[in-house]
Amino acid sequence: MISLAIPTGALLAGSLELLGRSAVVTLGPEEIGRQLLVERGGIRVILVRPSDVPAYVDHGAADLGIVGKDSLVEFPGSRYELVDLGFGACTMVVATPERSPLGGPSTWPPLLRVATKYPHATATYMRSLGQTAEIVRLHGSVELAPLVGLVDAIVDLSATGTTLRENRLRVVAEVFTSTARLIANQAALKRRSPELQALVARVRAPRA
Amino acid sequence: MRATQEALLAEMRSWGYRYVVTPTVESLAVLERGLGVQQRRRLFKFADGDGSLLALVGERTVPVARLIAGKLRSQPLPIRLCYSGSVLVNEAGRFSRRRESHQLGAELVGAPGAVADAEVIALAVRCLDAAGLRDYQVDVGHQEFFAGLLAGLAVPTQTKVDIQEALAGRDLVRLETILADTSLRTAEHELLLRFPALRGGAEILEAASGLVQNERSARALEDLRRVLSILDGQGLGGSVQIDLGASRDFDYYTGVVFEAYGGDLGRPVVQGGRYDHLLSGFGRPAPATGFVVHMDLVGETLQGSPARRALPSLSAAVAWSADGLESALRLGSSLRLFGMRAVVDTQPRSLGAARRWSAGLGANHLIHVTGAAEAAWQPRAGRLRKLPPEQVVGRLAGGAR
């Protein structure tokens, strides 16, 4: 039995479509959404929050996982990142209010206040620029934070930019781009190599 | 846990590895000489009264290396040492792992070559057996195999650094991207791409040697072939797999490396390999290899297994009544002299009470001493016999353990 963790949210549809197309397992979003854990044809599929997929894989509760690159950057660990699955493309961006004088990194004040759901990725990025930053960790509606004066800027994922525009924010810097990835537990990849490699090959095949 | 630890150390000692005790607190400067940047960051540091910086050890190979280059300087190489102790790391991360964990390890310093590599791998396998682990697997790789491939690539140095980083981070997507940007399409290039799948038995070595064109990788394959054949000769080939992708910690390891996985654990329980550069940092350059057993992970694995190791049982429970105390104490000492485990009671008991006490202790023999020359001896599930204390020792030491 191979277990595979897949994320709720934006990557769920793409994950299920990929699993069906590569004949790993056919699952409807309603079925997995209702049961959270489905075993079928030698595969156990577990549905968890996107940010929890790395934990399930790192600890070996899942052999494989599908997860956005953003979560992998945010939660460093010892898993193998095997395949870029191509779907779920989005960009981690720095955005400021349209009316703010702040533009690119050169215009930022000595201490930048930033709100984000990704404090680790944000800290790494700010450090790479040599920018001192006060990072405020929020759990949702990050777009609101600069509008009410909590912070100067936000670091968040953006797929189309619609949410940012609706909240009158503009992108002033790109941190990295992200797509869905197939990851594997380090021990599982070694101990159950033939099974996992066969599955990885199937997932890889239809894209090539 | 304690029993497992003793079993492992006994195995190591029986291979001629001397047990050493190294300090838990070291001068930071000493530890820094042997550790990479990441490891240094994770040390717990503090200052003493003079303001000199100290740290708690985060692993124990570096302290052992210092011992060999320092106190044991006059001892001829090779030296075989083993150790057991706590290590402390400040793991700032999402998964708050335990800060303190227990490591047990063996180091073979001063011996180059495949025979020494095979020795520590064989010892690691025997240790896993001694710990009572079932269904484990040891993966053996070689740092030079990958280093040779990398050196042979006609790409800028920065690209090589990127490749190394991607491999160390197990990021195969990034690796693919980097390699796609280089215009090379050689057999060696293909090897790099197939990196995590290069696992198996001796056939993997054959397949790979058909593809490599550089001296270093070819020599690495030859090393691995020798190690594998030595292990095969000892009947250990079945526990060992070749994994050419098992390179890691490029700044530290220099040759054959290995990891053991057991149970359903998501992390290796044993990690080891050749580190020929470490000792030179302490002024006594010497080739070296060794491994560490993560005892907490061994414990976790054993917990789930049905066959748990029982403590070696108690040989004798010595009870006494009336005037028997002095004689009972002497009897206890004599039994221990013969290598038996004996408990002497701390209060007088009647024979009936002594039987219940002995059964509670799980002792193999009950001896009830009632006077200077009077005792009764009863083996578990045997009948009671009256005889003088001296004769009890003779009977028990004579094989009736």
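Using the charge dipole of the protein assembly as shown (Lys, Arg: +1 at Cβ; Asp, Glu: -1 at Cβ; taken about the Cα centre), state which of B:Ala154, B:Leu77, B:Val344 has its Cα farthest towards the positive end. Farthest towards the positive pole: B:Val344.
For the range B:2-304, the fraction of C-alpha pairs farther apart than 29 angstrom is 38 percent.
Taking other C-beta atoms within 10 Å as the exposure proxy, B:His102, B:His294 rank B:His102, B:His294 from fewest upward. Between the alpha-carbon centres of the range B:336-401 and the range B:274-292 there is a gap of 53 Å. Taking only the Cα atoms of the range A:90-177, the radius of gyration and Dmax are 11.4, 31 Å.
Would the protein assembly as shown count as rounded, prolate or oblate if I go by the C-alpha gyration tensor, calling it rounded below 1.5 in a/c and otherwise prolate when a/b exceeds b/c, oblate otherwise? Here the protein assembly as shown falls in the prolate category. For the range A:76-208, a crude dipole built from +1 on the beta carbon of Lys and Arg and -1 on the beta carbon of Asp and Glu, taken about the Cα centre, is about 560 debye to the nearest 20. Averaged over the residues of peptide B:168-180, the number of Cβ atoms from other protein chains lying within 10 Å of each residue's Cβ is 4. For the range A:71-176, the set of chymotrypsin sites (Phe, Trp or Tyr not before Pro) satisfying both a DSSP loop assignment and a count of at most 10 other C-beta atoms within 10 Å is empty. Among the lysines of the protein assembly as shown, pairs at least eight places apart or on separate chains and with Cα atoms under 26 Å apart come to 5. Taking the helices alone, chain B has a mean residue ellipticity at 222 nm of -12000 deg cm²/dmol, built from -39,500 (n - 2.57) per DSSP H run of at least 4 residues and averaged over all its residues. Helix-only arithmetic for chain A: the sum of -39500 (n - 2.57) across DSSP H runs with n ≥ 4, divided by the residue total, places the mean residue ellipticity at 222 nm at -8500 deg cm²/dmol.
If both residues of a DSSP beta bridge must be in chain A, then about 60% of such bridges are antiparallel. Of the residues A:Asp156, A:Asp58, the one with the fewest other Cβ atoms within 10 Å heads the list, and the complete ranking is A:Asp58, A:Asp156.
When both the range B:34-85 and the range B:87-152 are represented by their alpha-carbon centers, they are found 18 Å apart.
Each of A:Ile154, A:Val48, A:Leu164 was scored by the projection of its Cα onto the charge dipole of the protein assembly as shown, and the greatest displacement toward the positive side belongs to A:Val48; charges sit on the C-beta of Lys, Arg, Asp and Glu.
I need B:Cys82, A:Cys90, B:Cys127 ordered by Cβ neighbour count within 10 Å, fewest first.
On the way: B:Cys82 24, A:Cys90 20, B:Cys127 27.
Least to most surrounded, the residues fall as A:Cys90, B:Cys82, B:Cys127.
Projected onto their three principal axes, the Cα atoms of chain A cover extents of 57, 32, 30 Å, largest first.
No lab work stands behind these numbers, since they all come straight from the coordinates. Note that the structure is a prediction, hence the values are computed from the model and not measured. Here the Cβ is made from the backbone with ideal geometry for all residues, glycine too, and neighbour counts use every protein chain on show.
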